[in-house]
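The values are calculated or read from the model by the stated rules, or taken from the named source; none is laboratory data. This one's a predicted model, so the numbers in the text were calculated from it and none came from an experiment. Note that we place each Cβ from the backbone using ideal geometry, even for glycine, and neighbour counts take in every protein chain shown. Side chains are part of the model used for accessible areas, which takes the heavy atoms of the whole protein and leaves out ligands, DNA and RNA. Shrake-Rupley method; radii C 1.70, N 1.55, O 1.52, S 1.80 Å.
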Amino acid sequence: MRRQPAPRAPKSRAPETASAAAPLELGVVIPTFKEAPNVRPLLAKLEAALQGVVWQAIFVDDDSPDGTAAAVKAIAAVDPRVICLHRIGRRGLAGAVIEGAMASAAPYVAVIDGDMQHDETLLPLMLRALQEDRADLVVGSRYLATAGAGASALGATREAGSRLANWLGKRVLRAEVTDPMSGFFMIRRELVEAVAPTLATAGFKVLFDILASQKTPPRYLELPYEFRARVAGDSKLDEGVVVQYLGLLLAKLTRDFVSPRFIMFGIVGASGVVIDLLILDALRDHVGFAAAKLVSALAAMTSNYLINNAVTYRDRRKRGADLLVGYFKFVLLCSVPLAANVAVATMVFERGPSWWVAGVAGAIVAAVWNYITTARAVW
């Protein structure tokens, strides 16, 4: 019987080269938290504004409980221009922007909020300025609009706070950027990559951080726009952001010799010193200095834990049972230098200085230990 020849495998066809498609021009990074209702309307606005541009939208979602990531993924399943980076256990606008920019292959990266308060129609003008090499960075400014109306949607209190933050930022940057706190800008991607390892992932003021971290000041251009009222979702700004910003300002004044998180930990620790001294003063004549110092130190420790959890480590914030477990770890670790705290304070007090000098001396002894150990073991 004659054997039939084995069938030949079909020749594989070489995949189409990347040059067959238009090269990617722009990555639009959209940090989100509880923005599910805004996903489709925002993409529709980007589609209308970026006609003729090869773009991608990178949503970086901090595990929103309202299903924002699921809404993005449903669109991404049928539209390859849409990407979802779903972050678990990490929070913070700055970190989201950095991760989104680093994930893009586009030569230019834009950052725009998911709440549609920014004017997406500026994106083509921003892109043209970069492509024509007229700037390395284009900032959407709320303070170049007619009669200063660009930031009116912030409300009087937030606008005043924003203007103060901008004034402080310009003092550190030594640059005449009218809105260094802007969350709406476009930049050459390599500028972000060059400073990414030094950028603070906590906080909101990523543009300020990028500007302050550049070895050579980038050429910048500002374009005015009207800051719109929020369509849906909640504001992510609160008192904790103010402390984070102050920490970032101080870190840049030290040329990043001291990290923003350590500075925030120090600011919170300073509030704990005040609590420590107030309780110490109230109790020292009733229960003796050593016992009063023990109670005051424990009270300050509890205060420091709760504030640090809400502010310093807001991107790793603990809730529910984790908050309680974290507290016991914090107390355990801080109890190691607590004995030294009490001993040093008592020794200084017995040698003559005023009681508050003794209290501060004891607090300083524990501060560095607390920061190093709790940063690793608690958060």
- [ ] Filter the range 91-119 for residues that are open to solvent by 10 Å² or more (accessible area, probe 1.4 Å) and among the charged types (D, E, K, R) and give the result.
- [x] Arg91, Glu99, Asp113, Asp119
Task: Residues being in contact with a Lys or Arg (Cβ under 9 Å, 6 or more places away or on another chain), of a type in the set (D, E, K, R) and in a loop (DSSP other than H, G, I, E, B) - total across the range 287-331 - done: 1
TODO: Quickly run through the range 43-55 and pick out the residues that are open to solvent by less than 30 Å² (accessible area, probe 1.4 Å), part of a helix (DSSP H, G or I) and closer than 13 Å to Thr121 by Cβ.
DONE: Leu46, Ala49
Open item on the list: So in the range 315-346, with the set limited to residues that are modelled with pLDDT of 70 or more and of a type in the set (A, V, I, L, M), which one is surrounded by the fewest Cβ atoms within 10 Å (Cβ to Cβ)?
Closed with: Ala321
TODO: Could you list, in sequence order, all residues of the range 282-314 that are touching a Phe, Trp or Tyr at 6+ places or on another chain (Cβ under 9 Å), open to solvent by less than 50 Å² (accessible area, probe 1.4 Å) and closer than 22 Å to Val325 by Cβ?
DONE: Met301, Thr302, Asn304, Tyr305, Asn308, Asn309, Thr312, Tyr313
Open item on the list: Taking the conditions exactly as written (under 14 Å from the mean Cα position of the chain (by Cα) and modelled with pLDDT under 85), does Gly266 satisfy them or not?
Closed with: no
Task: Residue within the range 13-27 that is modelled with pLDDT of 50 or more and open to solvent by less than 10 Å² (accessible area, probe 1.4 Å) present - done: yes
